[in-house]
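Written out below as structure tokens is the structure these notes cover.
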Amino acid sequence: MSRSERSPLLLAGLLAAAGVAHFAAPRTFDAIVPSALPGSRRAWTYGSGAVELALAAGIAAPRTRAAAAKAAAAFFVGVFPANVQMAVDWRHRPAPLRTAALARLPLQLPLVLWARAVARAEEGRP
């Protein structure tokens, strides 16, 4: 299996793992849902987990890969405020936790670019 064939499956695996984590340990994710969002934090946690699982399935299937990868790029942009909220909320936590929260912020860009690259590769564009 070539690198270009592995990339979508790795992205799908990452999204699937994150989606499962939202259901397995929802409290962790509830805590980073921005308070400005309407409704319950748990609903947002489960909703985003379900979206991640759906995106993973879409990226894993060649027929829906391009569209799902584009949607994943948009999703990664959309969840950025939760990562900002986490960094703000964790600013007084012990250094390792604070560092982990801050490290999530710049990681969103590579995820967006990776999803875009998967979509482009599937569409036959460089």
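The values are calculated or read from the model by the stated rules, or taken from the named source; none is laboratory data. Here the structure is a predicted model, which is why all the values come from computation and not from measurement. Heads up, the Cβs are rebuilt from the backbone with ideal geometry, glycines too, and the neighbour counts pull from every protein chain shown.
Checking each residue in the stretch 31-49 for being farther than 24 Å from Val112 by Cβ, in contact with a helix residue (DSSP H, G or I) (Cβ under 9 Å, 6 or more places away or on another chain) and surrounded by 13 or more Cβ atoms within 10 Å (Cβ to Cβ) picks out Arg41, Arg42. In the stretch 76-93, the count of residues that are at pLDDT 95 or above, touching a Leu at 6+ places or on another chain (Cβ under 8 Å) and among the hydrophobic types (A, V, I, L, M, F, W, C) is one or more.
Here Phe23 passes the criteria (1) more than 24 Å from Arg120 (Cα to Cα); (2) assigned to a helix (DSSP H, G or I); (3) of a type outside the set (Val, Ile, Thr); (4) out of contact with any Leu (no Cβ under 9 Å at 6 or more places or on another chain) except the one numbered (4). Within the stretch 85-101, the residues that satisfy the criterion of being assigned to a helix (DSSP H, G or I) and either in contact with a Lys or Arg (Cβ under 9 Å, 6 or more places away or on another chain) or small (Gly, Ala, Ser) (or both) are Met86, Ala87, Ala95, Arg98, Ala100, Ala101.
Just one of the listed residues (Gln85, Gln108) is touching a Pro at 6+ places or on another chain (Cβ under 7 Å) and either at positive phi or surrounded by 13 or more Cβ atoms within 10 Å (Cβ to Cβ) (or both), namely Gln85. The requirement of being at pLDDT 95 or above, assigned to a loop (DSSP other than H, G, I, E, B) and not aromatic (Phe, Trp, Tyr) is fulfilled somewhere in the stretch 51-61, by at least one residue. For the stretch 84-126, the tally of residues that are within 23 Å of Gly13 (Cβ to Cβ) and among the β-branched types (Val, Ile, Thr) stands at 2.
Among (1) part of a helix (DSSP H, G or I); (2) free of Cβ contacts under 8 Å to residues at least 24 places away in the same chain; (3) hydrophobic (A, V, I, L, M, F, W, C), which single condition is Leu37 missing? Among (1) part of a helix (DSSP H, G or I); (2) free of Cβ contacts under 8 Å to residues at least 24 places away in the same chain; (3) hydrophobic (A, V, I, L, M, F, W, C), Leu37 violates only (1).
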